[in-house]
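*Asks:* Would you mind keeping the following structure in view while I ask a few things?
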Amino acid sequence: MSRWSQPVGTTGSGTAPQSNRVERLGWLAGCWQQAGPRSSVDEHWTRPAGGTMLGVSRTVRRLGDLDSTTEYEFVRVFARDGKLVYGVMPSGQRYTEFLETELTDSSVAFGNPTHDFPQFVRYGRHGADSAFAGIDGTIQGRQRAVGFKYARMSC
């Protein structure tokens with residue numbers, strides 16, 4: 001069984017669901033947007049249920065009167081062996097997992113030091129209607145970080 005098809009909310013060894021860790025990210029559920037003059041990034045997250053959250057994001061760039069989707073990704077957050085896992089398939093690339101490195105009531109960080117870039121994915125909230133996301137790591141020996149400031153939007 002591949003990691004992507006592993007039953008959600010399990011540790012892979014047939015133990016009981018670990019949905020309470022996923023439920024700590026309930027603040028992320030809903031629709032978020034970072035809008036700019038030439039592009040926008042939308043993220044949509046399901047509420048925690050069944051030991052998982054599902055997310056999808058899309059970056060749309062505006063060129064004159066035309067819009068073009070330039071990036072997208074599909075995400076699944078679930079618990080395995082007492083830690084959250086951020087499983088992602090960005091823009092048609094292969095599935096990659098990042099493991100929880102930090103979890104608080106208002107933020108979460110995931111890491112995968114063997115991934116090319118990014119090595120870290122982070123989410124945090126600022127009040128009920130503002131959140132941030134970020135990716136960071138090293139590319140060819142140089143540190144790089146990309147941040148996103150989101151406002152809650154209507155779904």
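No lab work stands behind these numbers, since they all come straight from the coordinates. Keep in mind that what you see is a predicted model, and the values were worked out from it rather than measured. Cβ: placed from backbone, ideal geometry, glycine included. Neighbour counts: every protein chain shown.
*Asks:* Please give the charge dipole size of the chain, origin at the Cα centre, charges +1 on K and R Cβ atoms and -1 on D and E Cβ atoms. Round to the nearest 20 debye.
*Replies:* 60
*Asks:* Can you tell me the FRET efficiency between Glu71 and Ala128 if r is taken as the Cβ-Cβ distance and R0 is 30 Å, rounded to the nearest 0.05?
*Replies:* For R0 = 30 Å, the calculated efficiency reads 0.65.
*Asks:* Give me the net charge of His44's neighbourhood, meaning all other residues with Cβ under 14 Å from the Cβ of His44; Lys, Arg count +1, Asp, Glu -1.
*Replies:* Neighbourhood net charge equals +1.
*Asks:* As a check on your grasp of the helix formula, calculate [θ] at 222 nm for the chain: sum -39500 (n - 2.57) over DSSP H runs of n ≥ 4, divide by the residue count, round to the nearest 500.
*Replies:* Only helices count here, giving -500 deg cm²/dmol.
*Asks:* Taking 0.36 nm per intervening residue step and subtracting the Cα-Cα distance, what contour gain separates Lys83 from Arg62 on full extension?
*Replies:* Between Lys83 and Arg62, full extension yields an extra 3.7 nm.
*Asks:* For Ser154, Ser91, what's the fewest-to-most ordering of other Cβ within 10 Å of each Cβ?
*Replies:* In order of increasing Cβ crowding within 10 Å: Ser154, Ser91.
*Asks:* Test of understanding: in a Gaussian network model of the chain with alpha carbons linked when under 10 Å, which of Val22, Val75, Val60 would top the mean-square fluctuation ranking?
*Replies:* Val60
*Asks:* Quantify how much of the Cα-Cα distance distribution of the chain extends past 21 Å, in percent.
*Replies:* The proportion of pairs with Cα distances above 21 Å equals 46 percent.
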